[in-house]
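The values are calculated or read from the model by the stated rules, or taken from the named source; none is laboratory data. Only a predicted model underlies this, so the values are computations on that prediction, with no experimental measurement involved. Cβ sites come from the backbone with ideal geometry, for glycine too, and all protein chains shown count toward neighbours. Accessible surface areas use protein heavy atoms only, side chains included; no ligands, DNA or RNA. Shrake-Rupley method; radii C 1.70, N 1.55, O 1.52, S 1.80 Å.
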Amino acid sequence: MPSAAPGFTPKTLTFLRALKRNNRREWFHERRADYDAHVHAPMVAIVERLAVDFARVAPDFVASPKISMFRPWRDTRFSANKAPLKTNVAAGFPHRALGRVQGAGLYFEVAPEHVWIGGGAYARSKQEKGTLVTVHAVREHIAAHHDELEALVSASKFRKLLGKMQGDTASRMPRGFDADHPAAAVLKHKQFLAAREEAPAFAAQPDFY
């Protein structure tokens, strides 16, 4: 295993802050070498190192530059915001048997405003293919195993690192579930997330990885 842990540098943050101020294709293309050196290459190194370490700590999750890394270009076809580029650098790590849409996964991003590290099941909309099936299956599993979930999210290490479970919730109890269920508050969740957020400078610390 490599002795030096991969990571970002202050130049990564400098580039992302400048990109936020100058979100134009021509600006980006003129500075593509800086992006490749200070943003893209460090992320590739981190993902490749995670691929090695996941075999030990999270073998069900995929870490691969081709699968995990997000393109810098935004899809602006259906957005009022026509800025062409994302101002963060991000990677997602899906369950190898379920893929990005159907299953839970891990994710982190470095942005000019924050570093976000977390995971869970992120159901973005009712219209997304497969989302309703996934959310219902998660709720059914929670209803049947709520004691195990409670033990996990109430553990001192979980609370210290991640706080409490996060995610959008429904205003009413979902159809098919008892309002008096011991896990009623959790069953209202539409997203099942746990995360921590740090200041941007966290990404450039030597112990970031």
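Only one of V101, V89 is open to solvent by less than 50 Å² (accessible area, probe 1.4 Å) and either within 30 Å of K190 (Cα to Cα) or modelled with pLDDT of 95 or more (or both); which?
So the residue among V101, V89 that is open to solvent by less than 50 Å² (accessible area, probe 1.4 Å) and either within 30 Å of K190 (Cα to Cα) or modelled with pLDDT of 95 or more (or both) is V89.
Please work out if F70 is surrounded by fewer than 16 Cβ atoms within 10 Å (Cβ to Cβ), out of contact with any Leu (no Cβ under 8 Å at 6 or more places or on another chain) and farther than 25 Å from A194 by Cβ.
No: the conditions fail for F70.
Would you call H146 closer than 21 Å to A183 by Cα, out of contact with any strand residue (DSSP E or B) (no Cβ under 9 Å at 6 or more places or on another chain) and either modelled with pLDDT under 95 or buried (at least 18 other Cβ atoms within 10 Å of the Cβ) (or both)?
It is false that H146 is closer than 21 Å to A183 by Cα, out of contact with any strand residue (DSSP E or B) (no Cβ under 9 Å at 6 or more places or on another chain) and either modelled with pLDDT under 95 or buried (at least 18 other Cβ atoms within 10 Å of the Cβ) (or both).
Restricting the range 184-193 to residues that are free of Cβ contacts under 8 Å to residues at least 60 places away in the same chain and over 15 Å from A137 (Cα atoms), which is farthest from the chain's Cα centre (by Cα)?
Filtering the range 184-193 for residues that are free of Cβ contacts under 8 Å to residues at least 60 places away in the same chain and over 15 Å from A137 (Cα atoms), the one farthest from the chain's Cα centre (by Cα) comes out as A184.
How many residues does the range 1-40 hold that are open to solvent by less than 40 Å² (accessible area, probe 1.4 Å) and closer than 17 Å to F108 by Cβ?
Count: 7.
Quick one: in the range 153-184, which of the residues that are more than 25 Å from G119 (Cβ to Cβ) and not hydrophobic (A, V, I, L, M, F, W, C) is least open to solvent (accessible area, probe 1.4 Å)?
The selected residue is G176.
Which ones in the range 185-209 are open to solvent by 70 Å² or more (accessible area, probe 1.4 Å) and assigned to a strand (DSSP E or B)?
Result: R196, E197.
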